[in-house]
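> Encoded as structure tokens, here's the structure I'll be asking about.
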Amino acid sequence: MKCRVCRGKAVIDLPRHNASFCPSCFDSYLMDQVWKAIDEFRMFHKSERILIAVSGGKDSLALWDILNRLGYSTIGFHLDLGIGDYSRESTEKTRKFAVDRNLPLHVESLTQEVGASVDSIADLTNRPPCSACGVSKRHLFNRAAKTMDCHVVATGHNLDDEASRLLGNILHWQDGYLEKQNPALPDEGSLVRKVKPLNRLTEKEMAAYAFLKGIDYVVHECPMSVNAKQLFYKKIMNEIEQESPGTKQAFYFGFLDRRSHFYPEKDESTPSFLCRECQSPSYTEICTFCRIRLKVSLAGRDPDSGARS
Ligand code: SF4
Ligand SMILES: [Zn+2]
Ligand SMILES: [Zn+2]
């Protein structure tokens, strides 16, 4: 197997591009894909400070590494979800990555912020764990970005994440989610811009990058994801891709090309309330994150207080 660019020995085969690459040309290809995503969606520029949401997995650590190599000003933000050994290992690997490369990292604990870990919050509030986790992350990432003077929050979602999410959203015609499925969501009032610079790269490509760069990441999936529909949709997308290479990217990029046709840009209304508890923009008097926090605190005071109602 020869590298498409330099004809040297290839180490990775990318059927979707009908190409194989040696380590050095693969690195150039991958950096170029990230650069294209940043440029195409005007995600950020060199004078801006980027908060990177780092979970300890391959994608977010690789994203931090790549943006640092491209010369952007970054700060890592890790949220310890309190999920036993999984979270301990995630926090440890994230800290080690930052220390080894001398990168700034800020760590917060969900248990300290809300009063319980993701699984307990799910139990106490009757929400699926991933929903409680998603609400908490959105709130705490945004708060951290504002506190640390960051202009944008970047996450490590890759092409597989985005394509499987799109499949799920289309299967259930989730218009609200489809409308917002964009690799760059602009600032809205005090909600900081959110971007996904890895949206052109697959899970396999990110794993190859992490391996070639010697990035030590958490290999296990989050234990809460066992029943997550997302994994099922990923499996289906991978089966389709296996039969017909290139379908995943055609599906996702095809949607992005047509997105504004189906969901024309509106003069997006910023939520009109400020949450009574935390002053974040909210469509209700108390934002979802604070409602979760209040329920957990009520349940802590009185286990029979009806936190499950
Ligand atoms: S799988 Fe669910 S609980 Fe685990 S990190 Fe992802 S969103 Fe959070
Ligand atoms: Zn080469
Ligand atoms: Zn609030």
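> Can you sort Cys287, Cys130, Cys25 from fewest to most other Cβ atoms within 10 Å of each residue's own Cβ?
In increasing order of surrounding Cβ atoms, one gets Cys130, Cys25, Cys287.
> If you take the beta carbon distance between Phe253 and Leu103 as r and set R0 to 30 Å, what does 1/(1 + (r/R0)^6) give as a FRET efficiency, to the nearest 0.05?
Values: r = 31 Å, r/R0 = 1.04.
Plugging the Cβ-Cβ distance into 1/(1 + (r/R0)^6) gives 0.45.
> Defining a contact as two alpha carbons under 8 Å apart and six or more residues distant in sequence, what relative contact order in percent does the stretch 100-180 show?
Here the relative contact order equals 12 percent.
> Now a separate question. Taking the chain as a Gaussian network, Cα atoms linked when under 10 Å apart, which of Leu30, Leu274, Leu67 shows the biggest mean-square fluctuation?
Leu274
> Taking the Cα centre as origin and putting +1 on Lys and Arg beta-carbons and -1 on Asp and Glu beta-carbons, what dipole magnitude results for the chain, to the nearest 20 debye?
440 debye
> Hey, another quick one. Count the DSSP beta bridges whose two residues both fall in the chain, then state the antiparallel fraction as a percent rounded to the nearest 5.
35 percent
> Pull out a ≥ b ≥ c, the square roots of the eigenvalues of the alpha-carbon gyration tensor of the stretch 113-236, then state rounded if a/c is under 1.5, prolate if not and a/b is larger than b/c, and oblate in the remaining case.
Here the stretch 113-236 falls in the rounded category.
> Using the count of nearby Cβ atoms within 10 Å as a rough guide to exposure, how do Asp27, Asp160, Asp187 rank from fewest to most?
Asp187, Asp27, Asp160
> Using a Gaussian network model of the chain whose springs link C-alpha atoms within less than 10 Å, name the residue from Glu205, Glu48, Glu243 with the highest mean-square fluctuation.
Comparing Glu205, Glu48, Glu243 in a Gaussian network model of the chain, the most mobile one is Glu243.
> Mind pulling the angle between the C-alpha long axis of helix 288-301 and the longest principal axis of the chain? Nearest 10 degrees, somewhere in 0 to 90.
With rounding to tens, the tilt is 50 degrees.
> Would the stretch 38-175 count as rounded, prolate or oblate if I go by the C-alpha gyration tensor, calling it rounded below 1.5 in a/c and otherwise prolate when a/b exceeds b/c, oblate otherwise?
Numbers: a/c = 1.74, a/b = 1.18, b/c = 1.47.
In terms of gyration-tensor shape, oblate.
> Let me ask you something else. If we restrict to alpha carbons, what Rg and Dmax does the chain come to, in Å?
Rg, Dmax (Cα atoms, Å): 20.1, 69.
> As a footprinting exposure proxy, order Glu108, Glu265 by other Cβ within 10 Å, with the fewest listed first.
Fewest-to-most ranking of Glu108, Glu265: Glu265, Glu108.
Where a number appears in this text, it was derived from the coordinates with a stated rule and is not lab data. Not measured: the values here are computed from a predicted model. FYI the Cβ positions are ideal-geometry reconstructions off the backbone, even for glycines, and counts take in every protein chain you see.
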